[in-house]
Amino acid sequence: LCRLSQVRGSRYNPSFLEPEVNKELYQKPWEELSEEEREKLELKAVQPIKAAPPTVSSSVFSDPMISKFTNMMMKDGNKVLARSLMAQTLEAIKRKQLEKYHKAPEDEKETIECNPYVIFHQALKNCQPIIGLSSITKGGKTYQVPVPLKDNRKRFLAMKWLITECRENKNRRMLMPEKLSQELLQAFNNEGPIIKKKHVLHKMAEANRAYAHFRWW
């Protein structure tokens, strides 16, 4: 018998085109388009197009990092609740920063950041550790060996620390959006328990630098 390779079925005919999410392509004037882009647009006027997957969005508010954070915050598949908490968090950050902006004197107003998306990204960047520890067994002993972290791992640790801190160390009467907005603002200013946690990890890696050569064994 000939070998059969399993092919994942698709509801779409091969003649269906892939959806184009980039809005800038549609906003370009016809004269500025290259020949290939013109041909593609002419084809799209006649050929059927696949539906865009739910993860892809052309909205100006869609942010892949916030979407990833929302997915990590989600419990029992309740994404509606997770999205609602994230939206309330961003709103709380905006309110706090606007209050601070209006109370500040004129010369300090320019230094206050009011965009919650910028604050979120900067806070996440400040929480990311540069180096981590990996358990390596050598000669019957387990050593904590300092290793450089990849970008995905850095992001994951920063998000995990933020969510864990908000869940475990918050006051019973404090709501999740309030606590998360507080932690994000502290991290944005390079303060708070998450930044301390990052520094502790860096100090442990510094203390164990004598075992760094075990990475290549």
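Side notes on the structure shown:
- Residue within the stretch 41-52 that is over 24 Å from F16 (Cβ atoms) and either of a type outside the set (G, A, S) or within 18 Å of the chain's Cα centre (by Cα) (or both) present: no
- Test result for H202, over 20 Å from the mean Cα position of the chain (by Cα), assigned to a helix (DSSP H, G or I) and either more than 20 Å from S67 (Cβ to Cβ) or of a type outside the set (A, V, I, L, M, F, W, C) (or both): yes
- In the stretch 97-112, residue modelled with the lowest pLDDT [restricted to those that are part of a helix (DSSP H, G or I) and open to solvent by less than 60 Å² (accessible area, probe 1.4 Å)]: K109
- If the condition is being touching a Leu at 6+ places or on another chain (Cβ under 7 Å) and either open to solvent by 70 Å² or more (accessible area, probe 1.4 Å) or among the polar types (S, T, N, Q) (or both), then the stretch 132-185 contributes only Q144.
- Scanning the stretch 113-131 for residues that are part of a loop (DSSP other than H, G, I, E, B), open to solvent by 10 Å² or more (accessible area, probe 1.4 Å) and either in contact with a Cys (Cβ under 7 Å, 6 or more places away or on another chain) or not hydrophobic (A, V, I, L, M, F, W, C) (or both) turns up E113, N115, Q128.
- Of all residues in the stretch 53-76, those that are open to solvent by less than 70 Å² (accessible area, probe 1.4 Å), more than 15 Å from R167 (Cα to Cα) and under 9 Å from the mean Cα position of the chain (by Cα) total 4.
- The set of residues in the stretch 73-122 being within 19 Å of P54 (Cα to Cα) and in contact with a Phe, Trp or Tyr (Cβ under 8 Å, 6 or more places away or on another chain) consists of M86 alone.
- Filtered residues of the stretch 14-43 (kept if within 16 Å of V56 (Cβ to Cβ) and not in a loop (DSSP other than H, G, I, E, B)): L17, K23, E24, L25, Y26
The values are calculated or read from the model by the stated rules, or taken from the named source; none is laboratory data. Since the model is a prediction, treat every value here as computed from it, not as a measurement. Positions of Cβ are backbone-derived with ideal geometry, glycine not excepted, and every protein chain shown enters the neighbour counts. Accessible surface is based on the protein model in full, side chains and every heavy atom, while ligands, DNA and RNA are left aside. Shrake-Rupley method; radii C 1.70, N 1.55, O 1.52, S 1.80 Å.
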